[in-house]
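Asker: Have a look at the structure that comes next, please.
The values are calculated or read from the model by the stated rules, or taken from the named source; none is laboratory data. Please read these numbers as outputs of a predicted model, since none were measured by experiment. Please note: Cβ atoms are built from the backbone with ideal geometry, for glycine as well, and neighbour counts cover all protein chains shown. Ligands, DNA and RNA are stripped out before the accessible areas are found, and what is left, the full protein with its side chains, is counted by its heavy atoms. Shrake-Rupley method; radii C 1.70, N 1.55, O 1.52, S 1.80 Å.
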Amino acid sequence: MKNIKNICCIGAGYVGGPTMSVIAQKCPEINVTVVDLNEKRIAAWNDDNLDNLPIYEPGLAEVVEEARGRNLFFSTEVDAAIDKAEMIFISVNTPTKTYGIGKGMAADLKYIELCARQIARVSTTDKIIVEKSTLPVRTAEALKSILVNTGNGVNFQILSNPEFLAEGTAVEDLQNADRVLIGGDIDTTEGTEAVQALVDIYAHWLPEERILITNVWSSELSKLTANAFLAQRVSSINAMSELCEKTGADVNEVARAIGMDSRIGPKFLKSSVGFGGSCFQKDILNLVYIAKSLSLDEVADYWEQVIIMNDHQKRRFAANIVKTLFNTVSGKKIALLGWAFKKDTNDTRESAAIYVADYLLNEQAEIVVYDPKVTEEQMYADLDYLGTRTEEENRKLLKVVSDPYQACEDAHAIAVLTEWDEFKTYDWEKIYERMLKPAFVFDGRNLLNLHELTKIGFKLSSIGKPIVEEARKEPVLAV
Ligand code: NAD
Ligand code: UDX
């Protein structure tokens, strides 16, 4: 297989953008062109002002600045980039289906299929096609069938190379990946050569022992499995958080105690208002759907419980606000700190904040939101998408401000929904003075200092921290 001189990546989103930026940074002799149908997104990637890049990730602007215009290009000319490239990454979105068979569970592969058809139509030379998007196991088969049946004599090799980056740490995750997984047709010479071409790219900056090679199906399924295991840890600790609140145990102490067992490990044990993000829920639902379609009902039920627990955690957080505020939030101002699904990203997909806000709006609360990176337009789009009430009502009942102190002024309660570091640095005495009393804070991220805030006078409720009065009231063991 010839050397790779030109790479095309279809999809300039949270995966395509950062991944290709790092490949371009680390492989200066390869031209990398990232293409997308979304003109606005491409224009933002090309913006001279790096603050206007479409994705906020610490460290990303610096990588883009180093490579853009040198060997990194962002373009809407999809056909031209496909034709020129020897290797094409597909990084388009694979959301949960919202219609037809598998609605609400299966991955919608229409964008993937469109890419395959476009590649088949445009290509005049042999290509290696790399699945970077997260796909159901055996998707490569469908891709191959579309590509080889075009009859224009071009040879395609299909590789699976799932992406494991987490948003907010994407650049660091890419530059220093725990592992890179490449699935290919390793039983054939052509397949092995294609795998080697991709290995050579990653070997520019990663030691070869971190590059794992498997068959295509193992690679596709490993990605879904990794996300399912990670999400399962969060749901597991969140399940314990409810038990902690009722028994006088502290979830942070429990997490620390179990995390020091080297078999369990300390990561992904932070109890929270519920996991969000574009991947966990979508990929587990997809896994559940695959299991169900293979009549593996127990397997499907097992993984579905991770989602059920997560939905419960979001709901019970919101319900606790209503209960604590004397069983009504109607007409009460509640400040939400944070809207992104985690810190250090402007991404809001499946953020717990959206569901907590929706719950409180149903209870007629007046919500004011502050998030350091998420735009007002995005917040309204997220709420409107749920379709619970009209766009006008959403804009009337929920306001967005750019000053956290303004958000909290005259509020009955504050809910911390994203773990932004800046929230810890606020002048909490000043916030307390300007709030209505009793001043309630609901910390959905265990971010704030319980002791200090209580000393100021706040009534602080943290996830998984004992609600002492209740623990005393309710017997733990039935007698
Ligand atoms: P995204 O929505 O941010 O980006 C996808 C982009 O693809 C969009 O800009 C869209 O306009 C473009 N696109 C769709 N169809 C196209 C076509 N036919 N031609 C050109 N452009 C097209 O999605 P994302 O978060 O980058 O995720 C992409 C894939 O990577 C998904 O399968 C996802 O599951 C997976 N993934 C995501 C993450 C993450 O953290 N976001 C991590 C690992 C894997
Ligand atoms: C995840 C996977 O981590 C990544 O490997 C995959 O490629 C894409 O999906 P991402 O969704 O970007 O990445 O972020 P992640 O750090 O995994 O967090 C997901 C959600 O879980 C966030 O809402 C986060 O706040 C929450 N979380 C994470 C917890 O509540 N507790 C934890 O201990 C860890």
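Asker: Would it be correct to say that residue 46 is closer than 20 Å to residue 119 by Cβ and polar (S, T, N, Q)?
Answerer: No, not satisfied.
Asker: Right, another one. Among the residues of the range 37-60 satisfying the criterion of being open to solvent by less than 30 Å² (accessible area, probe 1.4 Å) and within 22 Å of residue 6 (Cβ to Cβ), which is nearest to ligand 2 (Cβ to nearest atom)?
Answerer: 45
Asker: How many residues, within the range 110-133, are part of a loop (DSSP other than H, G, I, E, B) and open to solvent by 20 Å² or more (accessible area, probe 1.4 Å)?
Answerer: The total comes to 3.
Asker: Does residue 241 satisfy being at pLDDT 95 or above, of a type in the set (Ser, Thr, Tyr), within 11 Å of ligand 2 (Cβ to nearest atom) and open to solvent by less than 40 Å² (accessible area, probe 1.4 Å)?
Answerer: Yes: the conditions hold for residue 241.
Asker: Given the condition modelled with pLDDT under 95, surrounded by fewer than 20 Cβ atoms within 10 Å (Cβ to Cβ) and small (Gly, Ala, Ser), answer yes or no: does some residue in the range 399-406 qualify?
Answerer: No; the residues of the range 399-406 include none that is modelled with pLDDT under 95, surrounded by fewer than 20 Cβ atoms within 10 Å (Cβ to Cβ) and small (Gly, Ala, Ser).
Asker: Scan the range 313-346 residue by residue and report those that are touching a Lys or Arg at 6+ places or on another chain (Cβ under 9 Å), farther than 30 Å from residue 166 by Cβ and open to solvent by 10 Å² or more (accessible area, probe 1.4 Å).
Answerer: Within the range 313-346, just 324 meets the criteria.
Asker: Ok, one more. Evaluate the following for residue 388: is it more than 19 Å from residue 352 (Cβ to Cβ) and open to solvent by 20 Å² or more (accessible area, probe 1.4 Å)?
Answerer: So residue 388 does not fit the description; no.
Asker: Something else: Whether any residue in the range 14-36 is within 16 Å of ligand 2 (Cβ to nearest atom), of a type outside the set (Phe, Trp, Tyr) and part of a loop (DSSP other than H, G, I, E, B) is what I want to check.
Answerer: Checked the range 14-36: at least one residue is within 16 Å of ligand 2 (Cβ to nearest atom), of a type outside the set (Phe, Trp, Tyr) and part of a loop (DSSP other than H, G, I, E, B).
Asker: Somewhere in the range 272-280, is a residue of a type in the set (Ser, Thr, Tyr), touching a residue at least 24 places away in the same chain (Cβ under 8 Å), within 15 Å of ligand 1 (Cβ to nearest atom) and open to solvent by 60 Å² or more (accessible area, probe 1.4 Å)?
Answerer: No, the range 272-280 has no match at all.
Asker: For the range 167-193, what are the residues that are open to solvent by less than 50 Å² (accessible area, probe 1.4 Å) and in contact (Cβ under 8 Å) with a residue 60 or more places away in the chain?
Answerer: Correct list: 167, 168, 170, 171, 174.
Asker: Follow-up. Quick check, is residue 349 of a type in the set (Lys, Arg), open to solvent by 60 Å² or more (accessible area, probe 1.4 Å), at negative phi and in a helix (DSSP H, G or I)?
Answerer: no
Asker: Does residue 421 satisfy the criteria of being within 16 Å of ligand 2 (Cβ to nearest atom), among the charged types (D, E, K, R), surrounded by 14 or more Cβ atoms within 10 Å (Cβ to Cβ) and touching a residue at least 40 places away in the same chain (Cβ under 8 Å)?
Answerer: When the stated conditions are applied, residue 421 does not pass them.
Asker: Within 11 Å of ligand 2 (Cβ to nearest atom) and surrounded by fewer than 19 Cβ atoms within 10 Å (Cβ to Cβ) - does that describe any residue in the range 146-164?
Answerer: yes
Asker: Same structure again: Does the range 66-79 include one or more residues that are assigned to a loop (DSSP other than H, G, I, E, B), small (Gly, Ala, Ser), open to solvent by 10 Å² or more (accessible area, probe 1.4 Å) and within 16 Å of ligand 2 (Cβ to nearest atom)?
Answerer: no
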